[in-house]
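Notes for the one structure printed next.
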Amino acid sequence: MWRMPHLLLAMKSSVKKTKKISPSIAALDFFAEAGLLKRVKRSGWWVAGIENPETVAEHCFRCAVIGYYIAHCEKVDPYKVVTMTLFNDIHEARINDLHKMGHYYIDFREAEKKAFADQVAFLDEKVKESLTRMRRDYEMQVTPESLVARDADILECLIQAKEYMDNGYPVAKTFFKRAPDYLKTKTAKGLWKQALQWDSHSWWQNVVKFER
């Protein structure tokens, strides 16, 4: 059986408040958890027939890229947005990615909050406070940065759906029906409008060079 002693200790200690571990060990454990997201698959695509969808880590990376771009267009703090997008799904290292159908039956938001609180419990206090504040900001969806970060998350999913559709998974188009209605910023809405007519393979076709 695969074991992570320090991680298990951190989870136990954060609940029972019995014994703390050092901030440096807690940081290393946190980095290990982040690495686990490279293997956690985005489960929502399975219903579209995609057997090997992207990982949570891959999703978060492109969210950060998209968020950085939108933040500049919307004239908000791009670094705050990037931080939100990178840490938005960190809790899924412990509770995995749950398909939206699962959210219908399980109070996943409470599970997310509990997992995140346990993850940061023994980190350096300055880091813990910063991440906790960032998380609260994102969840409240009031500040301009939080709105951009959420738009980046939604737009990344929509672009991924467009790519899957272009690669022969027509059912992925189902995700076009509702998700766009949740976009808030002018920039994100405009990008999605363009994406509907966009060939996701055009970028590499324009840079491929043949020689004889």
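Could you please tell me which pairs satisfy a Cβ distance under 7 Å, a separation of 6+ or placement on different chains, a first residue in the stretch 175-195 that is within 25 Å of residue 99 (Cα to Cα), and a second residue that is not in a helix (DSSP H, G or I)?
From residues that are within 25 Å of residue 99 (Cα to Cα), the pairs are 189/183; 192/183.
Taking the options 134, 140, name whichever one is in contact with a Ser or Thr (Cβ under 8 Å, 6 or more places away or on another chain), within 21 Å of residue 61 (Cβ to Cβ) and modelled with pLDDT of 95 or more. Before the answer, list the steps.
On the way: 140 fails: within 21 Å of residue 61 (Cβ to Cβ).
From the options 134, 140, the qualifying one is 134.
Do you know which residues across the stretch 80-100 are part of a helix (DSSP H, G or I) and touching a residue at least 40 places away in the same chain (Cβ under 8 Å)? Before you say what the answer is, go through the steps one by one.
Within the stretch 80-100, the subset part of a helix (DSSP H, G or I) is 80-87, 92-95, 100.
The answer is 80, 81, 83, 84, 85, 87, 92, 93, 94, 100.
Would you check which residues across the stretch 41-82 are among the hydrophobic types (A, V, I, L, M, F, W, C), modelled with pLDDT under 95 and open to solvent by less than 60 Å² (accessible area, probe 1.4 Å) and list them? Even if it seems obvious, please write down each step before you answer.
Initially, the stretch 41-82 is screened for residues among the hydrophobic types (A, V, I, L, M, F, W, C), giving 45-48, 50, 56-57, 60-61, 63-66, 70-71, 73, 76, 81-82.
Narrowing the set further to residues that are modelled with pLDDT under 95 leaves 45-48, 50.
Correct list: 45, 48, 50.
Pull up the stretch 142-174, narrow it to residues that are acidic (Asp, Glu) and closer than 25 Å to residue 99 by Cβ, then point me to the one that is farthest from the chain's Cα centre (by Cα). Please lay out each step first, then the result.
The initial filter retains those residues of the stretch 142-174 that are acidic (Asp, Glu), namely 145, 151, 153, 156, 163, 166.
From what's left, closer than 25 Å to residue 99 by Cβ: 151, 153, 156, 163, 166.
Working: 151: 11, 153: 6, 156: 9, 163: 18, 166: 23 Å.
Per the criteria, the residue is 166.
Find the residue count for the stretch 145-178, including only residues that are over 18 Å from residue 73 (Cα atoms) and either of a type in the set (Lys, Arg) or not in a loop (DSSP other than H, G, I, E, B) (or both).
So in the stretch 145-178, the residues over 18 Å from residue 73 (Cα atoms) come out as 157-178.
From what is left, the residues that are either of a type in the set (Lys, Arg) or not in a loop (DSSP other than H, G, I, E, B) (or both) are 157-166, 170-178.
Qualifying residue count, the stretch 145-178: 19.
Given the conditions (1) open to solvent by 30 Å² or more (accessible area, probe 1.4 Å); (2) farther than 29 Å from residue 72 by Cβ; (3) assigned to a loop (DSSP other than H, G, I, E, B), and given that residue 142 satisfies all but one, which numbered condition is not satisfied?
Failing condition for residue 142: (2).
If I ask for residues that are over 21 Å from residue 46 (Cβ atoms), of a type in the set (Ser, Thr, Tyr) and open to solvent by 30 Å² or more (accessible area, probe 1.4 Å), which ones from the stretch 159-212 would you list?
Going residue by residue through the stretch 159-212, those that are over 21 Å from residue 46 (Cβ atoms) are 180-199, 201-212.
Right, trim to of a type in the set (Ser, Thr, Tyr) and you get 182, 185, 187, 202.
Matches in the stretch 159-212: 182, 202.
Among the residues of the stretch 12-32, is any open to solvent by 50 Å² or more (accessible area, probe 1.4 Å), over 27 Å from residue 121 (Cα atoms) and either modelled with pLDDT under 95 or touching a helix residue (DSSP H, G or I) at 6+ places or on another chain (Cβ under 8 Å) (or both)?
no
Looking at the stretch 51-79, which of the residues that are part of a loop (DSSP other than H, G, I, E, B) and in contact with a helix residue (DSSP H, G or I) (Cβ under 6 Å, 6 or more places away or on another chain) is nearest to residue 33 (Cα to Cα)?
Once the filter is applied, the top-ranked residue is 53.
Taking the condition of being of a type outside the set (Gly, Ala, Ser), buried (at least 16 other Cβ atoms within 10 Å of the Cβ) and outside any loop (DSSP other than H, G, I, E, B), how many residues in the stretch 109-138 meet it? Steps first, please.
Within the stretch 109-138, the first condition is being of a type outside the set (Gly, Ala, Ser), and the residues that meet it are 109-110, 112-114, 116, 118-120, 122-129, 131-138.
Retained after the next criterion (residues that are buried (at least 16 other Cβ atoms within 10 Å of the Cβ)): 112, 116, 118-120, 122-123, 128, 131, 134-135, 137-138.
From the residues that got through so far, the ones that are outside any loop (DSSP other than H, G, I, E, B) too are 112, 116, 118-120, 128, 131, 134-135, 137-138.
Of the residues in the stretch 109-138, 11 are of a type outside the set (Gly, Ala, Ser), buried (at least 16 other Cβ atoms within 10 Å of the Cβ) and outside any loop (DSSP other than H, G, I, E, B).
List the pairs whose first member sits in the stretch 112-125 and is without any contact (Cβ under 8 Å) to a residue 40 or more places away in the chain, whose second member is open to solvent by 30 Å² or more (accessible area, probe 1.4 Å), and whose Cβ atoms are under 6 Å apart, counting only residues at least 6 apart or on separate chains?
115/94; 115/95
The values are calculated or read from the model by the stated rules, or taken from the named source; none is laboratory data. The structure displayed is predicted, hence computed values, not measured ones. With ideal geometry, Cβ positions are generated from the backbone for all residues, glycine too; neighbour counts draw on all protein chains shown. All accessible areas refer to the heavy atoms of the entire protein, side chains included, with ligands and DNA or RNA removed. Shrake-Rupley method; radii C 1.70, N 1.55, O 1.52, S 1.80 Å.
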